[in-house]
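The values are calculated or read from the model by the stated rules, or taken from the named source; none is laboratory data. Being a predicted model, the structure only gives us computed values, none of them experimental. Methodologically, a virtual Cβ is constructed for each residue, glycine included, from the backbone with ideal geometry; neighbour enumeration extends over all protein chains shown. Remember, those area values only see protein heavy atoms, side chains included, never the ligands or the DNA or RNA. Shrake-Rupley method; radii C 1.70, N 1.55, O 1.52, S 1.80 Å.
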Amino acid sequence: MSYKQLSLTLALTTLLLLMASCSHTTQPMHIQHTSDTTALVQIHTPQRYLLLPIQESQPEVLVRLIGNRPEDTELDIRLAVDSIDYFVPLALPMDRESEVEIIGLGAKAIAWDSIRLSDTFTPAPADYYRPALHHAPPYGWMNDPNGLVYLDGRYHLYYQYNPYGAKWGNMYWGHASSEDLLHWQTHEPALARDTLGHIFSGSTIIDREGQAGFGKGALLAFYTAHKMRQGKQWQAQCLAYSTDQGMSFTKYTGNPILSPHDGISDFRDPKVFWYAPNKSWYMIVSADREMRFYRSTDLRQWDYVSAFGDGYGARPCQFECPDFFELPMEGTGVHKWVMLVNINPGGAFGGSATEYFVGNFDGKTFTPDTAPEVARWLDFGKDHYAFVTFHGTPGRVLGIPWASNWQYANVTPYKQSRGVNGLPRELFLFEAGGRSYVGARPATEVTKLRKDSITLPETRLSERVRHEDLLAPYSDSFELELELNPEAGVTQAGIILTNKQGDRLPIFLDLSKGRVVMDRTQSGLIAFGEQATPHERESADWRKGDGLNYQNDFALSTWAPLGLCARKTYRLRLFVDRSLAELFVEGGRIAMSNLIFPRTPYTSLEFFSEGGSTQIRGLHLYRLGL
Ligand code: FRU
């Protein structure tokens, strides 16, 4: 052996020894650290999942399932560095060996010793705050409801979903379905993040005539592909179709189908609807601070029609998640068009909220009935966003809100499953003081949740009365129904839910100000996240909200004007499901949804009336269950 050959052999041996010394050999899987922050996980004996340990406070690292054509998915995952919050499953191909590349995780991270293969995955038992009766994903992160559709007796609910951690990221369309809007069955995600980017919000329609060329009755999903390209946000609309009743989708090979003509970077959340007068499909898309209408005959090629919104409603705002439908006016039956505009920020109580405009549409232009400065809210709580409606429910405009707010959505004290939807609601149009408003009442199905109940006698209340432990048997999930009839002179009257820790949730009429109020300033946990400087808050990515302190944004009272009610007696329906309180006044003329995190469930109920007496009638307390 020549000197040259010898030194080459020595160098190779040293290299092999070095590689071996920094690799953990756990058969049937082998982890090879190729640099300080790069590693290759080689899976020799395929199993269904690679279980990845997550630590939410850590930054995302890149995880890539190599050769997983056609998508070669790149995922951003917060792998554990020094402690483990929970595991998430990464599905592996079962028919071959595979390799997972991990970039950005130091060789000392505890993830390396805890990554493992498994044929099963069971999420950890749900934490207390995960509502029992509302739809929430079994694990992972959820935001907007997407593609709501009623098809062959089933309601399909797709949603913005991160299967790889309970913070925003890796957008998929998660999927659940239900026959009654109450019992939700979880399915495999319907659309996965791909090379065009994240799968952002959108809608579905049933293409009964097969106009798009994917067969009669195909379900078409319209969504936004979102990607960062050279530091700039790129968004365009895409199409996917399903020929198996919405259980799986195939992405259209001609994607994207619609890009903005002026190159704007915020262009998303397509909602497709049928406009009968000119027998055409329309798409409404949020485009920065306006909504744009497009029209199509084949559902693939879309032509620009008009735009609405610039200078209208609350500000500052980013328009998102549009919806557009007709509603008959209660009493007269006259139809009006309603545009839902989910905005962020600019909500009545800060952050994100659902705004709407009532007006007319002639197939070309939407003309609102209100002046530009008027802002109307579909819900007066702080946790109601991305509300959109179902396709395929004639005679009924039915939708679902995501119950959170982008100001703190990523740091709420949930664990493995973060994100919950509000109760399904039916919209209606009513008049108050000569103006048109949209109301939202719980869908009729919701009464089926009522199990045992107790009825309290009618009382005339002039002081504080406390029913100790009244809620105790009901306190996880209950509905309280009552009518408050305040006499002249009453300044405030209402109820307070309390627990032994001193947490309190007052819900009351503030007649001196003409408001109904829900005050969560002392409702339980009210401060999440880490301290951050104002500059850090300004520059943070609002979708990820990493490590920010939202204390001052969460602890507040929300209120609605009582002028929306027709009479001077107020019927209240309050739903409490662990971490979500939803109030409906006068059959939904006012809706108010707020997250709450009581340290222990509320057990007692207090009534109060100040400045005079209040008649309390029709008081029912229902235990709710599925
Ligand atoms: C609204 C939103 C949408 C977007 C999605 C991304 O909550 O920002 O505009 O499509 O969330 O997850």
Stretched out fully, how many nm does the piece from Ser462 to Glu373 gain, at 0.36 nm a residue minus the Cα gap? 27.9 nm
Checking a compactness column here: for the chain, what do you get for Rg(Cα) / (2.2 N^0.38 Å), N being the number of residues? 1.04
Of Gln416, Val341, Thr186, which is farthest on the positive side of the dipole of segment 140-442, counting Cα position, with +1 on Lys and Arg Cβ, -1 on Asp and Glu Cβ, and the Cα centre as origin? Gln416
I'd like the distance between the alpha-carbon centres of segment 364-385 and segment 264-278, rounded to an integer number of Å. 18
Could you name the lysines whose alpha carbon sits less than 25 Å from that of Lys232, not counting residues in the same chain fewer than 8 places away? Lys167, Lys251, Lys271, Lys544
For segment 213-343 (alpha-carbon point model, no solvent) the Debye-based log₁₀ I(q)/I(0) at q = 0.09, 0.11, 0.16 Å⁻¹ works out to -0.30, -0.44, -0.89
Diffing segment 161-166: the Karplus 3J(HN,Hα) column from phi (6.51, -1.76, 1.60, θ = phi - 60°), in whole Hz with x for Gly and Pro, holds 9, 10, x, 10, x, 8
Here the FRET efficiency for His620 versus Asp95, based on Cβ atoms and R0 = 56 Å and rounded to 0.05, is 0.45
Per-residue counts of other Cβ atoms within 10 Å, averaged by peptide: what ranking do you get for 375-385, 511-521, highest first? 375-385, 511-521
Working note, segment 140-442: Cα radius of gyration (Å, one decimal) and Dmax (Å, whole number) are 17.9, 55
Given a cut-off of under 8 Å on Cα pairs at least six residues apart, what relative contact order in percent is computed for the chain? 11
Report in % the part of the accessible area of segment 67-130 that belongs to carbon and sulfur, leaving out ligands and nucleic acids; probe 1.4 Å. 50
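Given the DSSP H assignment, sum -39500 (n - 2.57) over each helix run of at least 4 residues in the chain and divide by its residue total; what's the result at 222 nm in deg cm²/dmol, nearest 500? List each step's numbers first, then the result.
Numbers: 4 runs with 33 residues, N = 626.
Mean residue ellipticity, 222 nm, calculated: -1500 deg cm²/dmol.
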Search the structure for amide H atoms under 5 Å from the amide H of Gly381, placed 1.01 Å from N in the peptide plane, and list their residues when 5 or more places away or on another chain. Ser593
Please give the FRET efficiency for Arg64 paired with Lys279, using the beta carbon to beta carbon distance and R0 = 35 Å, rounded to the nearest 0.05. 0.15
Short version: ³J(HN,Hα) in whole Hz for each residue of segment 307-322, in order, from phi by Karplus 6.51 cos²θ - 1.76 cosθ + 1.60 (θ = phi - 60°), x for Gly and Pro, what are they? 9, 9, x, 4, x, 9, x, 6, 9, x, 8, 10, 6, 9, 6, x
Long-range HN-HN contacts of Gly351 with modeled amide H, under 5 Å: Gly346
Charge dipole (debye, nearest 20) of the chain; +1 at Cβ of Lys and Arg, -1 at Cβ of Asp and Glu: 340
Please work out whether segment 171-259 counts as rounded, prolate or oblate from its C-alpha gyration tensor, where a ≥ b ≥ c are the square roots of the eigenvalues and a/c under 1.5 means rounded, while otherwise a/b larger than b/c means prolate and anything else oblate? oblate
In the chain, what % of DSSP beta bridges are antiparallel (nearest 5)? 100
How big is the C-alpha Rg of segment 329-475 next to the rule-of-thumb value 2.2 N^0.38 Å, as a ratio? 1.30
With θ set to phi - 60° and the Karplus curve 6.51 cos²θ - 1.76 cosθ + 1.60, what are the ³J(HN,Hα) couplings of segment 277-288 in order, to the nearest whole Hz, using x for Gly and Pro? x, 10, 6, 9, 7, 10, 10, 10, 10, 7, 9, 6
So the pair-distance distribution of segment 417-522, from every Cα-Cα distance in 10 Å bins, comes to percents of 10, 31, 40, 18, 2
What residue among Phe478, Gly104, Met247 has its Cα farthest toward the positive end of the dipole of the chain, where the charges are +1 on Lys, Arg and -1 on Asp, Glu, each on the Cβ? Phe478
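At 1.4 Å probe size, with the rest of the protein present, what percent of the exposed accessible area of segment 140-442 is carbon and sulfur atoms?
Values: 4680 of 9800 Å².
About 48 percent, which is the carbon plus sulfur part of the accessible surface.
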As I understand it, the value is the acute angle between the Cα axis of helix 3-21 and the longest principal axis of the Cα atoms of the chain; what does it come to in degrees, rounded to 10? 30
With every protein chain kept in place and ligands, DNA and RNA left out, what is the accessible area per residue of the chain? Probe 1.4 Å, answer in Å². 39
